[in-house]
1. Taking the range 133-178 as the search range and keeping residues that are in contact with an Asp or Glu (Cβ under 9 Å, 6 or more places away or on another chain) and among the basic types (Lys, Arg), which one is nearest to residue 92 (Cα to Cα)?
2. Cβ-Cβ distance below 8 Å, separation of 6 or more or different chains: which pairs start in the range 59-73 with a residue that is free of Cβ contacts under 8 Å to residues at least 40 places away in the same chain and under 14 Å from residue 29 (Cα atoms) and end on one that is basic (Lys, Arg) and outside any helix (DSSP H, G or I)?
3. Just give me the residues in the range 134-178 being small (Gly, Ala, Ser) and touching a helix residue (DSSP H, G or I) at 6+ places or on another chain (Cβ under 6 Å), in sequence order.
4. Return only the number of the condition from (1) acidic (Asp, Glu); (2) surrounded by 15 or more Cβ atoms within 10 Å (Cβ to Cβ); (3) over 23 Å from the mean Cα position of the chain (by Cα) that residue 38 does not satisfy.
5. Which residues, taken from the range 65-81, are open to solvent by 50 Å² or more (accessible area, probe 1.4 Å) and either assigned to a loop (DSSP other than H, G, I, E, B) or in contact with an Asp or Glu (Cβ under 6 Å, 6 or more places away or on another chain) (or both)?
6. Please state which of the following conditions residue 62 fails to meet, knowing it meets all the rest: (1) open to solvent by 30 Å² or more (accessible area, probe 1.4 Å); (2) assigned to a helix (DSSP H, G or I).
Amino acid sequence: NPSAADKVFVPFILGMALIESLVIFAFVIAFFNLGNIETNAHRFADAQSSFLRARDSFKRAGHAVLAADCDYSMAYLELRRGRLGDARRGLEYARDSYLEGGKPSGPALCDMDLCELHLRMDACRDAVRLGARALGEMQELDLDYERAKVRLFTGLAHARLGDAGPANEGLVQAEKEL
C-alpha cells in the first residue's frame, strides 16, 4: 500500500538495523567458536588470532562477559601450548574480567583451573589455597562436577605436601561426588 510508506519507513529501518547487528554478532560468535576449533586442531596461532578478534569485538560492543570468555579460552590455549606461566596469568586476568562482568561461575571456574595448574607446577600450597577459594565460590552455584574436581586436586596437593588427613578427606569426598 503506497500510502502507508511514511508510516512503515522508520520501523523498517530500525528492523534492518537490528537484523544487521544480529548478523554481526553471529560473525563474532563464529570467530570465538573458530578459535576453539583451531585450539583443538593445534593451530594455536590461528586460534589466538580468532580469540583476539572476538574479544576486541565483544569489548567494543560492551559484552564484558563474552570478552572474558575469550580471555578464558586464550588461557586454555596457553595451557595446551604448555606455557604454564602464561596460562596462569591468563586465568588470573580472565578471573578479574569475570568479576567485573558479573558472571558468578567465571571466577570459580578460573580458580578451579588455577588450582589444577598450580598442582601441575608442583606449587601445592597455592593449589590448596586456590582450591579452597574455588570451593567457597561454588557454594551457591550448581557446579557439582567441578566441585568434585577441585576436591580431587586439593586432595592430591595435600598428599604431595604429606598432609594425610586432608588428602584422604578430599579424595574420599571427590570419589563420592564423581
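The values are calculated or read from the model by the stated rules, or taken from the named source; none is laboratory data. Since the structure is predicted, the reported quantities are computational estimates derived from the model, not experimental observations. Neighbour counts run over all protein chains shown; Cβ positions are idealised from the backbone, glycine included. Calculation scope for accessible area: heavy atoms of the full protein, side chains included, ligands and nucleic acids excluded. Shrake-Rupley method; radii C 1.70, N 1.55, O 1.52, S 1.80 Å.
1. 133
2. Matching pairs, first to second residue: 68/103.
3. If we filter the range 134-178 for residues that are small (Gly, Ala, Ser), which is where we start, we get 134, 136, 148, 155, 157, 159, 162, 164-165, 167, 170, 174.
Within the range 134-178, 134, 148, 155, 157, 159, 167, 170, 174 qualify.
4. Of (1) acidic (Asp, Glu); (2) surrounded by 15 or more Cβ atoms within 10 Å (Cβ to Cβ); (3) over 23 Å from the mean Cα position of the chain (by Cα), only one is false for residue 38: (3).
5. Residues satisfying the conditions do not exist here.
6. Status for residue 62: all satisfied but (2).
Condition check ((1) more than 14 Å from residue 112 (Cβ to Cβ); (2) surrounded by 15 or more Cβ atoms within 10 Å (Cβ to Cβ); (3) at pLDDT 95 or above) across all residues:
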position	(1), (2), (3)
140	yes, no, no
146	no, yes, yes
150	no, yes, yes
158	yes, yes, yes
162	yes, no, yes
167	yes, yes, yes
171	yes, yes, yes
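Condition check ((1) over 21 Å from residue 143 (Cβ atoms); (2) out of contact with any Pro (no Cβ under 7 Å at 6 or more places or on another chain); (3) aliphatic (A, V, I, L, M)) across all residues:
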{"residue": "2", "(1), (2), (3)": "yes, yes, no"}
{"residue": "30", "(1), (2), (3)": "yes, yes, yes"}
{"residue": "44", "(1), (2), (3)": "yes, yes, no"}
{"residue": "63", "(1), (2), (3)": "yes, yes, no"}
{"residue": "94", "(1), (2), (3)": "no, yes, yes"}
